[in-house]
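The values are calculated or read from the model by the stated rules, or taken from the named source; none is laboratory data. Everything numeric in this text was worked out from a predicted model, so none of it was measured. Please note: Cβ atoms are built from the backbone with ideal geometry, for glycine as well, and neighbour counts cover all protein chains shown.
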Amino acid sequence: MSESKKEWWRLKRPIIGIAANEIEDAGAKLYHLPISYTPCGYVKAVQSAGGLPLVLPVGSPELAKAYITQIDKLILAGGQNVSPTLYGETIQVEEAELSNERDQFELTLIEEAIAQGKPIFAVCRGLQLVNVALGGSLYQDISCLNQQKIAHMQVPVSREIPTHQIQTEADSILRDIYGEATTVNSFHFQAVKKLAKELRVTALSEDGIIEGVESNDPSLVFLGVQWHPDFAYEYLEQEMAVFHYVVKEL
(Lines give C-alpha, C1' and ligand atoms only; values in the text may rest on other atoms or scores of the structure.)
Protein backbone atom coordinates (compact mmCIF):
# COMPACT_ATOMS: atom_id res chain seq x y z
CA MET A 1 0.00 0.00 0.00
CA SER A 2 1.40 3.43 -0.97
CA GLU A 3 2.06 6.07 1.69
CA SER A 4 -0.67 8.32 0.27
CA LYS A 5 -3.19 5.47 0.42
CA LYS A 6 -2.15 4.67 4.00
CA GLU A 7 -2.80 8.29 4.98
CA TRP A 8 -6.19 8.26 3.24
CA TRP A 9 -7.02 5.02 5.02
CA ARG A 10 -6.20 6.52 8.42
CA LEU A 11 -8.49 9.48 7.79
CA LYS A 12 -11.52 7.85 6.20
CA ARG A 13 -13.49 4.63 6.08
CA PRO A 14 -14.34 4.04 2.41
CA ILE A 15 -18.06 3.87 1.66
CA ILE A 16 -18.85 0.52 0.05
CA GLY A 17 -22.17 0.47 -1.78
CA ILE A 18 -23.87 -2.95 -1.75
CA ALA A 19 -26.59 -3.41 -4.35
CA ALA A 20 -29.67 -4.81 -2.60
CA ASN A 21 -32.27 -7.40 -3.51
CA GLU A 22 -36.04 -7.49 -2.96
CA ILE A 23 -38.53 -10.08 -1.78
CA GLU A 24 -42.27 -9.62 -2.26
CA ASP A 25 -43.34 -11.60 0.81
CA ALA A 26 -41.03 -11.76 3.83
CA GLY A 27 -43.19 -14.30 5.64
CA ALA A 28 -45.35 -14.33 8.74
CA LYS A 29 -42.67 -13.09 11.15
CA LEU A 30 -42.45 -9.87 9.13
CA TYR A 31 -46.20 -9.61 8.44
CA HIS A 32 -45.73 -10.74 4.83
CA LEU A 33 -44.23 -7.36 4.00
CA PRO A 34 -42.22 -6.73 0.85
CA ILE A 35 -38.65 -5.96 1.90
CA SER A 36 -35.44 -4.59 0.47
CA TYR A 37 -32.40 -6.40 1.82
CA THR A 38 -28.83 -7.58 1.43
CA PRO A 39 -27.37 -10.68 3.10
CA CYS A 40 -25.64 -9.79 6.38
CA GLY A 41 -22.41 -11.42 5.24
CA TYR A 42 -21.60 -8.52 2.92
CA VAL A 43 -22.41 -5.89 5.55
CA LYS A 44 -20.46 -7.53 8.37
CA ALA A 45 -17.46 -8.46 6.23
CA VAL A 46 -17.18 -4.90 4.91
CA GLN A 47 -17.41 -3.54 8.45
CA SER A 48 -14.77 -6.00 9.68
CA ALA A 49 -12.48 -4.98 6.81
CA GLY A 50 -12.72 -1.32 7.79
CA GLY A 51 -15.30 -0.12 5.30
CA LEU A 52 -18.63 1.64 5.78
CA PRO A 53 -21.36 -0.42 4.07
CA LEU A 54 -24.19 1.43 2.36
CA VAL A 55 -27.06 -0.71 1.06
CA LEU A 56 -28.44 0.50 -2.30
CA PRO A 57 -32.12 -0.50 -2.65
CA VAL A 58 -33.42 -1.54 -6.06
CA GLY A 59 -34.94 1.51 -7.71
CA SER A 60 -35.31 3.31 -10.98
CA PRO A 61 -32.21 3.47 -13.18
CA GLU A 62 -32.34 7.26 -12.81
CA LEU A 63 -31.26 6.86 -9.17
CA ALA A 64 -28.11 4.95 -10.06
CA LYS A 65 -25.98 8.01 -10.83
CA ALA A 66 -26.82 9.56 -7.46
CA TYR A 67 -26.07 6.31 -5.63
CA ILE A 68 -22.70 5.82 -7.33
CA THR A 69 -21.74 9.44 -6.64
CA GLN A 70 -22.13 8.78 -2.90
CA ILE A 71 -19.90 5.69 -2.70
CA ASP A 72 -16.23 4.83 -3.13
CA LYS A 73 -16.70 1.26 -4.38
CA LEU A 74 -19.55 -1.00 -5.49
CA ILE A 75 -20.37 -4.59 -4.51
CA LEU A 76 -22.80 -6.58 -6.66
CA ALA A 77 -24.19 -9.50 -4.67
CA GLY A 78 -25.62 -12.88 -5.58
CA GLY A 79 -29.27 -13.68 -6.13
CA GLN A 80 -31.56 -14.33 -9.08
CA ASN A 81 -30.43 -15.63 -12.44
CA VAL A 82 -29.58 -12.98 -15.03
CA SER A 83 -32.23 -12.75 -17.75
CA PRO A 84 -31.06 -14.45 -20.97
CA THR A 85 -32.82 -11.74 -22.99
CA LEU A 86 -29.97 -9.42 -21.99
CA TYR A 87 -27.54 -11.46 -24.09
CA GLY A 88 -29.90 -12.22 -26.94
CA GLU A 89 -31.23 -15.66 -25.98
CA THR A 90 -34.71 -16.98 -25.30
CA ILE A 91 -35.48 -17.83 -21.69
CA GLN A 92 -34.91 -21.52 -20.92
CA VAL A 93 -34.97 -21.23 -17.11
CA GLU A 94 -37.77 -20.63 -14.62
CA GLU A 95 -38.95 -17.04 -15.03
CA ALA A 96 -39.69 -16.93 -11.30
CA GLU A 97 -35.90 -17.04 -10.82
CA LEU A 98 -35.47 -13.76 -12.73
CA SER A 99 -35.86 -10.11 -11.74
CA ASN A 100 -35.97 -7.72 -14.67
CA GLU A 101 -36.24 -4.71 -12.35
CA ARG A 102 -33.10 -5.69 -10.48
CA ASP A 103 -31.27 -6.47 -13.73
CA GLN A 104 -32.03 -3.04 -15.19
CA PHE A 105 -31.15 -1.19 -11.99
CA GLU A 106 -27.84 -3.00 -11.55
CA LEU A 107 -26.93 -2.60 -15.21
CA THR A 108 -27.22 1.14 -14.69
CA LEU A 109 -25.15 0.92 -11.49
CA ILE A 110 -22.43 -0.86 -13.48
CA GLU A 111 -22.55 1.74 -16.26
CA GLU A 112 -22.32 4.60 -13.76
CA ALA A 113 -19.56 2.96 -11.71
CA ILE A 114 -17.45 2.56 -14.84
CA ALA A 115 -18.21 6.13 -15.96
CA GLN A 116 -17.26 7.52 -12.54
CA GLY A 117 -14.19 5.30 -12.17
CA LYS A 118 -15.52 3.45 -9.11
CA PRO A 119 -14.14 -0.08 -8.48
CA ILE A 120 -16.56 -3.02 -8.67
CA PHE A 121 -16.44 -6.28 -6.70
CA ALA A 122 -18.97 -8.80 -8.00
CA VAL A 123 -20.08 -12.11 -6.48
CA CYS A 124 -21.84 -14.97 -8.32
CA ARG A 125 -24.79 -13.30 -10.13
CA GLY A 126 -22.87 -10.02 -9.92
CA LEU A 127 -19.95 -11.42 -11.90
CA GLN A 128 -22.34 -12.81 -14.49
CA LEU A 129 -24.18 -9.50 -14.85
CA VAL A 130 -20.98 -7.48 -15.33
CA ASN A 131 -19.92 -9.91 -18.04
CA VAL A 132 -23.29 -9.50 -19.78
CA ALA A 133 -23.19 -5.70 -19.36
CA LEU A 134 -19.88 -5.66 -21.23
CA GLY A 135 -21.12 -7.84 -24.08
CA GLY A 136 -20.52 -11.38 -22.82
CA SER A 137 -22.97 -14.25 -22.46
CA LEU A 138 -23.87 -17.01 -19.98
CA TYR A 139 -24.69 -20.67 -19.81
CA GLN A 140 -28.31 -20.59 -18.68
CA ASP A 141 -28.01 -23.91 -16.85
CA ILE A 142 -24.60 -25.53 -16.45
CA SER A 143 -26.18 -28.83 -15.42
CA CYS A 144 -26.83 -29.33 -19.15
CA LEU A 145 -23.10 -29.36 -19.91
CA ASN A 146 -21.94 -32.90 -20.56
CA GLN A 147 -18.47 -32.29 -19.15
CA GLN A 148 -19.69 -31.08 -15.76
CA LYS A 149 -17.94 -33.11 -13.03
CA ILE A 150 -18.60 -30.88 -10.02
CA ALA A 151 -21.75 -30.10 -8.03
CA HIS A 152 -21.82 -26.34 -8.54
CA MET A 153 -24.98 -26.10 -6.42
CA GLN A 154 -23.79 -27.66 -3.17
CA VAL A 155 -27.12 -27.66 -1.27
CA PRO A 156 -27.67 -29.34 1.22
CA VAL A 157 -24.00 -28.96 2.22
CA SER A 158 -23.64 -26.02 4.61
CA ARG A 159 -22.89 -22.75 2.84
CA GLU A 160 -19.55 -21.99 4.53
CA ILE A 161 -17.98 -25.33 3.60
CA PRO A 162 -15.71 -25.31 0.52
CA THR A 163 -16.61 -28.16 -1.83
CA HIS A 164 -14.54 -27.91 -5.02
CA GLN A 165 -11.11 -26.79 -6.08
CA ILE A 166 -10.14 -23.84 -8.27
CA GLN A 167 -6.86 -22.95 -9.96
CA THR A 168 -5.85 -19.28 -10.13
CA GLU A 169 -3.86 -17.59 -12.86
CA ALA A 170 -0.41 -16.16 -12.28
CA ASP A 171 -0.12 -12.37 -12.05
CA SER A 172 -3.64 -11.94 -10.74
CA ILE A 173 -5.36 -10.53 -7.67
CA LEU A 174 -6.84 -13.94 -6.92
CA ARG A 175 -3.42 -15.62 -7.04
CA ASP A 176 -2.15 -13.10 -4.48
CA ILE A 177 -5.10 -13.74 -2.14
CA TYR A 178 -5.84 -17.43 -2.63
CA GLY A 179 -2.58 -18.90 -3.87
CA GLU A 180 -2.15 -21.18 -6.88
CA ALA A 181 -5.03 -23.46 -5.88
CA THR A 182 -7.69 -23.49 -3.19
CA THR A 183 -11.13 -24.87 -2.41
CA VAL A 184 -14.30 -22.75 -2.47
CA ASN A 185 -18.05 -23.10 -1.94
CA SER A 186 -20.49 -23.19 -4.85
CA PHE A 187 -24.08 -21.99 -5.27
CA HIS A 188 -24.87 -21.33 -8.93
CA PHE A 189 -26.79 -22.70 -11.90
CA GLN A 190 -25.48 -20.22 -14.46
CA ALA A 191 -21.90 -19.40 -15.47
CA VAL A 192 -19.91 -17.27 -17.89
CA LYS A 193 -19.98 -18.63 -21.44
CA LYS A 194 -18.55 -15.97 -23.75
CA LEU A 195 -16.24 -13.65 -21.81
CA ALA A 196 -16.45 -9.91 -22.51
CA LYS A 197 -13.32 -8.55 -24.19
CA GLU A 198 -12.62 -6.14 -21.31
CA LEU A 199 -12.23 -9.08 -18.92
CA ARG A 200 -9.77 -11.92 -18.37
CA VAL A 201 -10.17 -15.27 -16.64
CA THR A 202 -8.14 -15.55 -13.43
CA ALA A 203 -9.63 -18.70 -11.87
CA LEU A 204 -11.10 -21.93 -13.22
CA SER A 205 -12.72 -24.97 -11.64
CA GLU A 206 -11.49 -28.45 -12.52
CA ASP A 207 -14.32 -28.89 -15.03
CA GLY A 208 -13.47 -25.67 -16.85
CA ILE A 209 -16.14 -23.37 -15.41
CA ILE A 210 -14.95 -19.76 -15.07
CA GLU A 211 -14.69 -19.01 -11.35
CA GLY A 212 -12.76 -15.73 -11.22
CA VAL A 213 -12.55 -12.74 -13.53
CA GLU A 214 -10.57 -9.50 -13.49
CA SER A 215 -10.27 -6.50 -15.78
CA ASN A 216 -7.77 -6.20 -18.61
CA ASP A 217 -9.01 -2.68 -19.38
CA PRO A 218 -7.20 0.17 -17.58
CA SER A 219 -10.44 2.17 -17.41
CA LEU A 220 -12.24 -0.61 -15.47
CA VAL A 221 -11.31 -1.63 -11.92
CA PHE A 222 -13.05 -4.97 -11.43
CA LEU A 223 -12.81 -8.23 -9.51
CA GLY A 224 -15.43 -10.97 -9.78
CA VAL A 225 -15.77 -14.39 -8.17
CA GLN A 226 -18.31 -17.12 -8.86
CA TRP A 227 -18.28 -18.46 -5.28
CA HIS A 228 -19.59 -16.74 -2.14
CA PRO A 229 -16.97 -15.21 0.20
CA ASP A 230 -19.88 -13.63 2.09
CA PHE A 231 -21.01 -17.12 3.19
CA ALA A 232 -17.63 -18.08 4.63
CA TYR A 233 -15.77 -14.93 5.75
CA GLU A 234 -16.21 -15.87 9.44
CA TYR A 235 -14.82 -19.36 8.92
CA LEU A 236 -12.07 -19.10 6.29
CA GLU A 237 -9.20 -16.62 6.38
CA GLN A 238 -8.99 -16.49 2.59
CA GLU A 239 -12.60 -15.28 2.31
CA MET A 240 -12.10 -12.50 4.84
CA ALA A 241 -8.89 -11.62 3.01
CA VAL A 242 -10.75 -10.88 -0.21
CA PHE A 243 -12.98 -8.39 1.62
CA HIS A 244 -9.88 -6.75 3.13
CA TYR A 245 -8.50 -6.43 -0.39
CA VAL A 246 -11.73 -4.98 -1.78
CA VAL A 247 -12.08 -2.40 0.98
CA LYS A 248 -8.43 -1.37 1.20
CA GLU A 249 -6.86 -2.01 -2.20
CA LEU A 250 -9.30 -2.46 -5.08
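Here are a few things to note about the model shown:
- Matching residues in region 77-104 - criterion: being surrounded by 20 or more Cβ atoms within 10 Å (Cβ to Cβ) and among the acidic types (D, E): D103
- Yes/no for L63 being over 16 Å from the mean Cα position of the chain (by Cα) and either assigned to a strand (DSSP E or B) or surrounded by fewer than 20 Cβ atoms within 10 Å (Cβ to Cβ) (or both): yes
- Criterion (crowded, with 21+ Cβ neighbours inside 10 Å, more than 16 Å from the chain's Cα centre (by Cα) and among the β-branched types (V, I, T)) met by exactly one of I68, I35: I68
- When region 105-125 is filtered for residues that are surrounded by fewer than 18 Cβ atoms within 10 Å (Cβ to Cβ) and of a type in the set (S, T, N, Q), only Q116 remains.
- In region 161-219, the residues that are surrounded by 15 or more Cβ atoms within 10 Å (Cβ to Cβ) and in a helix (DSSP H, G or I): I173, L174, R175, I177, Y178
- Candidate set: region 3-32, residues that are under 15 Å from V247 (Cα atoms) and in contact with a helix residue (DSSP H, G or I) (Cβ under 9 Å, 6 or more places away or on another chain); chosen: the one modelled with the lowest pLDDT: W9
- When region 216-250 is filtered for residues that are polar (S, T, N, Q) and either closer than 16 Å to I177 by Cβ or in contact (Cβ under 8 Å) with a residue 40 or more places away in the chain (or both), the ones remaining, listed by number, are S219, Q226, Q238.
- Residue within region 205-214 that is in contact (Cβ under 8 Å) with a residue 40 or more places away in the chain, touching a helix residue (DSSP H, G or I) at 6+ places or on another chain (Cβ under 9 Å) and of a type in the set (S, T, N, Q) present: no
Residue-wise test of (1) modelled with pLDDT of 95 or more; (2) touching an Asp or Glu at 6+ places or on another chain (Cβ under 8 Å); (3) part of a loop (DSSP other than H, G, I, E, B); (4) more than 20 Å from I120 (Cα to Cα).
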| site | (1), (2), (3), (4) |
| --- | --- |
| Y42 | yes, yes, no, no |
| G50 | yes, no, yes, no |
| P53 | yes, no, no, no |
| G79 | no, no, yes, no |
| F105 | yes, no, no, no |
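- Residues (without any contact (Cβ under 8 Å) to a residue 60 or more places away in the chain, not acidic (D, E) and not in a helix (DSSP H, G or I)) located in region 81-103: S83, G88, T90, I91, Q92, L98
- Residue check for Q70: touching a residue at least 40 places away in the same chain (Cβ under 8 Å), in contact with a helix residue (DSSP H, G or I) (Cβ under 7 Å, 6 or more places away or on another chain) and polar (S, T, N, Q): no
- Residue in region 191-203 that is touching a helix residue (DSSP H, G or I) at 6+ places or on another chain (Cβ under 6 Å) and under 16 Å from Q140 (Cα atoms) present: yes
- Condition met for I35 (modelled with pLDDT of 80 or more and either among the basic types (K, R) or more than 18 Å from G78 (Cβ to Cβ) (or both)): no
- Taking the criterion of being farther than 20 Å from H244 by Cα, of a type in the set (V, I, T) and modelled with pLDDT of 95 or more, the residues of region 130-185 that qualify are V130, V132.
- Close pairs from region 24-48: first more than 23 Å from F105 (Cβ to Cβ), partner modelled with pLDDT under 80 and hydrophobic (A, V, I, L, M, F, W, C), Cβ under 9 Å, at least 6 apart: H32/A26
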